[in-house]
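Structure first, then comments.
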């Protein structure tokens, strides 16, 4: 399955291009993970070419199995792929009626609406692409002290559902936000 999603530019933000990760993303991925904030929230270190290649292989296998559909988010400037701005992912395990979404934003792109715009595109695509399989609900989880992720959830219509107790690999309690098919646009 080859999926490319596009998000139109706004008066204050570049267009976005969301596409499956590939081998050319090694250097941009390493660059994004130089950010201590990103490493803190994801609990992952991508410090070398080998680390990046391993992570990209996980993304490739996720698409192959259909269980983890990760998209590199690039700023699209004048039809050219610009700088890596982030990642969004749809995790499909268990019941076909629900899935989980996740995301991160590169340091240079934070505060510019990249995460909510990319997540909104992923959300619409997921509900459209998997409606026939019965997808009705998307879950978004984040650590309770990740206020930026809470704002992204709220901006994209993922309603707060409950506090979840800490459990590995997450050292703190978390929030569960839910968006249902046909929910906010």
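Quick rundown of the values:
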| read-out | value |
| --- | --- |
| Failed condition for residue 134, given (1) in contact (Cβ under 8 Å) with a residue 40 or more places away in the chain; (2) farther than 23 Å from residue 43 by Cα; (3) exposed (fewer than 15 other Cβ atoms within 10 Å of the Cβ) | (1) |
| Those residues of segment 28-69 which are more than 22 Å from residue 130 (Cα to Cα), in contact with a strand residue (DSSP E or B) (Cβ under 9 Å, 6 or more places away or on another chain) and part of a helix (DSSP H, G or I), in sequence order | 28, 29, 31, 32, 38, 41, 42 |
| Matching residues in segment 141-150 - criterion: being assigned to a helix (DSSP H, G or I) and in contact (Cβ under 8 Å) with a residue 12 or more places away in the chain | 148, 149, 150 |
| Per-region count, segment 93-122, residues surrounded by 14 or more Cβ atoms within 10 Å (Cβ to Cβ), in contact with a strand residue (DSSP E or B) (Cβ under 8 Å, 6 or more places away or on another chain) and in a loop (DSSP other than H, G, I, E, B) | 3 |
| Segment 75-92, subset surrounded by fewer than 22 Cβ atoms within 10 Å (Cβ to Cβ) and either under 11 Å from the mean Cα position of the chain (by Cα) or within 21 Å of residue 34 (Cβ to Cβ) (or both), residue modelled with the lowest pLDDT | 81 |
| Test: residue in segment 1-13 that is over 30 Å from residue 147 (Cβ atoms), in contact (Cβ under 8 Å) with a residue 60 or more places away in the chain and surrounded by fewer than 19 Cβ atoms within 10 Å (Cβ to Cβ) | yes |
| Some residue of segment 123-140 being in contact with a strand residue (DSSP E or B) (Cβ under 9 Å, 6 or more places away or on another chain), closer than 25 Å to residue 35 by Cα and assigned to a helix (DSSP H, G or I) | no |
| Residue in segment 143-156 that is modelled with pLDDT of 95 or more and over 17 Å from the mean Cα position of the chain (by Cα) present | no |
| Members of segment 73-94 found to be closer than 25 Å to residue 137 by Cβ, touching a residue at least 12 places away in the same chain (Cβ under 8 Å) and out of contact with any helix residue (DSSP H, G or I) (no Cβ under 9 Å at 6 or more places or on another chain), listed by number | 93 |
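Let's see how each residue does on (1) buried (at least 17 other Cβ atoms within 10 Å of the Cβ); (2) under 19 Å from residue 112 (Cβ atoms); (3) touching a helix residue (DSSP H, G or I) at 6+ places or on another chain (Cβ under 9 Å):
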position	(1), (2), (3)
52	yes, no, yes
57	no, no, no
64	no, no, no
71	yes, yes, yes
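The values are calculated or read from the model by the stated rules, or taken from the named source; none is laboratory data. As the structure is a computational prediction, the values presented were derived from the model and not from experiment. We place every Cβ from the backbone using ideal geometry, glycine too, and count neighbours over all the protein chains shown.
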